[in-house]
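For reference, the structure discussed in these notes is given below.
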Amino acid sequence: MSIRRPGPARNTDAIARMIRIDHAGEYGAVHIYRGQRAVFGRIPSKTRIARQLAHMEADEQAHLDAFDGYIAERGVRPTLLSPVWRMAGFGLGVATALMGEKAAHACTEAVESVIEGHYGEQVKELEAMGETELAADFARYQEEETAHKNLAVDEGAHDAPGYPLLSALIKAGCRAAIKVTERV
């Protein structure tokens with residue numbers, strides 16, 4: 001006879017969805033920064049932002065590497081849309097970089113705002129399931145994403161041309177990507 005602990009049971013399907021979604025998101029984020037660096041990295045006067053982007057890309061790559069591990073350890077099927085997220089991320093990065101530094105920062109601020117909240121919800125859900133180690137990892141990723149968002153705001157994200165529309169479109173795209181990746 002097994003003893004049932006109080007609280008929600010571990011939901012392996014929900015955890016698998018979280019890992020699949022977050023893996024796809026980190027993959028897309030790496031490619032956003034690669035797209036932005038492809039533009040700024042070629043302009044000698046843009047070395048400062050290129051260095052900032054390289055640092056944020058490295059953080060995202062570390063997150064992606066961790067999610068690669070979760071996928072392997074837990075037998076989670078990655079999204080079938082990785083090629084789409086790669087192209088979409090790189091294209092968004094290039095497009096916002098071509099609009100200028102403030103637009104590139106607006107992109108970071110919009111994406112990280114959505115992801116900050118997304119990780120926050122997942123941390124609560126994981127803690128309720130008793131997945132404290134995974135919750136702690138996700139909380140650490142959330143802190144790093146929040147730091148990216150704060151840097152982008154400090155660098156003038158809200159001063160980007162057409163910021164309200166640009167931010168709203170990017171946030172809507174992120175939310176749509178999350179919903180699609182839950183299943184595909």
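None of the figures in this text is laboratory data; all of them are computed from the coordinates on show. Here the structure is a predicted model, which is why all the values come from computation and not from measurement. Cβ placement follows ideal geometry from the backbone for every residue including glycine, while neighbour counts extend to all protein chains displayed.
Given R₀ = 25 Å, FRET efficiency for A168-A72 by Cβ-Cβ distance, to 0.05? Efficiency computed from Cβ-Cβ geometry: 0.10. The label-point distance for E144 and E121, in a model that sets each label 7 Å from Cα toward Cβ, rounds to 2.3 nm.
V84 to R48: FRET efficiency via 1/(1 + (r/R0)^6), r the Cβ-Cβ distance, R0 30 Å, to the nearest 0.05? So the FRET efficiency works out to roughly 0.40. The modelled label-to-label distance for the pair A136/R175, using points 7 Å beyond Cα in the direction of Cβ, is 3.4 nm. Measuring nothing but how far apart in sequence close Cα pairs (under 8 Å, 6+ apart) lie, relative to its length, the chain scores a relative contact order of 29 percent.
Would the stretch 1-110 count as rounded, prolate or oblate if I go by the C-alpha gyration tensor, calling it rounded below 1.5 in a/c and otherwise prolate when a/b exceeds b/c, oblate otherwise? Because a/c hits 1.5 or more and a/b exceeds b/c, the stretch 1-110 counts as prolate. Of the trypsin sites (Lys or Arg not before Pro) found in the stretch 40-89, those that fall in a DSSP loop while having at most 11 other beta-carbon atoms within 10 Å are R42. Compared with the alpha-carbon gap, the fully stretched path from T12 to L98 is longer by 26.8 nm at 0.36 nm per residue.
For the chain, the Kirkwood hydrodynamic radius comes to 16.9 Å, computed from all pairs of different C-alpha atoms.
From most to least packed by mean Cβ count within 10 Å, the peptides 76-83, 12-19 give 12-19, 76-83. The label point for Q61 and the one for V184, both projected 7 Å from the Cα toward the Cβ, are 2.8 nm apart.
For the chain, the number of Lys pairs with C-alpha atoms closer than 16 Å, counting only pairs eight or more positions apart or on separate chains, is 4.
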